[in-house]
Amino acid sequence: MRAKNAKRIALWAGIAFLLAIPLGVGLGRTPPRPLRLETESLTPGERATLAQSVDEAVYDAAWQLAPFGTISSLLLEELAQVPETRPGRRTVLLMRAALISDNPEGQSAIFSQICGLSPALCEHRELLVEAARTETKLRQVGPGNRLPLILLGEHHHD
Amino acid sequence: MDGATSPQAPSGTIAPPGPRKRRQLGLALGLGLALGVGVGVALSARTRQDDPMGPRWRIGLALQMGRPTATTLNLGEDVAQVKGALSKEKQGIFELVAVAHGLGSGEGSAQAKEQLETACRRLSWPRCDAEALRALTGGGKP
């Protein structure tokens with residue numbers, strides 16, 4: 001009789017347990033964070049690009065306003081991080097490094113590196129000057145907010 | 001046999017449970033219910049677990065969207081998590097970026113301007129005037 005009673009109680013407890021699970025799932029559900037579904041549906045490559053763009057936004061903001069000491073250390077840091085598979089970004093970084101350099105020989109060496117990375121940019125001098133001008137326009141403080149003499153002159157050393 | 005004195009219910013009917021049995025049944029139901037709810041909540045929490053890189057992806061996407069869409073998204077928690085994972089030097093710059101792009105709060109433009117200036121001043125950078133800060137928000141050089 002006791003065993004039968006215990007069985008019945010266990011059965012009811014089991015039924016209550018099973019019925020309560022969906023209730024708990026419902027209670028525990030909170031709306032997902034904004035953009036979570038959008039980012040989770042992307043490919044791993046696309047997500048890596050998004051993660052990288054956060055760092056780039058930080059470096060770009062620094063390029064716009066940071067003083068020489070900050071920008072030079074951040075440029076070195078980013079150059080060490082950006083892979084060779086992204087010559088476009090590396091070109092931008094090297095261009096920035098050349099623009100903040102106050103040494104014409106150093107600038108010339110950096111422009112040579114840029115030409116190695118992006119040969120198309122150096123085939124026509126105007127393109128190189130234009131790329132440099134884009135970066136100087138972004139930068140709101142010196143150094144780096146003016147075209148260097150090496151680019152203002154008639155001949156480009158590469 | 002006298003049926004009136006028998007505690008047994010007539011055959012074919014279910015006898016109502018006694019107070020002790022009722023208590024035991026209530027206890028079993030309560031226990032089952034509590035356990036079930038607990039398991040349900042735990043399951044729900046497990047399915048909504050975020051990827052550790054999730055905040056970065058979302059902030060990256062919001063940066064691509066730009067204002068004014070990013071401003072409406074309320075990404076404050078993600079901003080705090082991404083900022084916390086950065087080096088000390090970059091935390092202040094990221095804060096500036098977040099304010100410039102309207103991430104984390106949907107405040108009005110006057111308040112946002114003030115916040116932007118405050119974030120810039122904290123970095124002790126040479127320029128934090130309105131003209132320079134406009135470039136950060138996409139206004140560019142005049």
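Things worth noting here:
- Accessible surface ranking for B:K21, A:K4, 1.4 angstrom probe, highest first: A:K4, B:K21.
- With the convex hull drawn around the C-alpha atoms of segment B:50-89, the volume per residue stands at 75 Å³.
- Heavy atoms of the protein chains alone define the surface here; on that basis the protein assembly as shown has 58 Å² accessible area per residue at 1.4 Å probe size.
- Number of partner chain Cβ atoms within 10 Å, mean per residue of A:42-51: 4
- Candidates A:L42, A:L74, A:L23: whichever shows maximal mean-square fluctuation once chain A is modelled as a Gaussian network with Cα springs under 10 Å: A:L23
- Length gained on full extension, B:A45 to B:E117: 22.0 nm, using 0.36 nm per residue less the C-alpha separation.
- Between chain A and chain B, roughly 4400 Å² of accessible surface gets buried, counting both sides and using a 1.4 Å probe.
- Comparing A:A48, A:A98, A:A109 in a Gaussian network model of chain A (Cα springs below 10 Å), the most mobile by mean-square fluctuation is A:A48.
- Rounded to the nearest whole Hz, the Karplus-based 3J(HN,Hα) values (6.51 cos²θ - 1.76 cosθ + 1.60, θ = phi - 60°) of segment A:140-146 follow the sequence 9, 9, x, x, x, 9, 9, with x at glycine and proline.
- With distances taken between every two different alpha-carbon atoms, segment A:46-152 has a Kirkwood hydrodynamic radius of 14.0 Å.
- Accessible surface of segment A:46-152, 1.4 Å probe, proportion on carbon and sulfur as whole %: 58
The values are calculated or read from the model by the stated rules, or taken from the named source; none is laboratory data. Bear in mind that the values here come from a model prediction, so they are computed numbers and not experimental data. No Cβ is skipped: glycine too gets one built from the backbone with ideal geometry, and neighbour counts run over all protein chains shown. Accessible surface areas use protein heavy atoms only, side chains included; no ligands, DNA or RNA. Shrake-Rupley method; radii C 1.70, N 1.55, O 1.52, S 1.80 Å.
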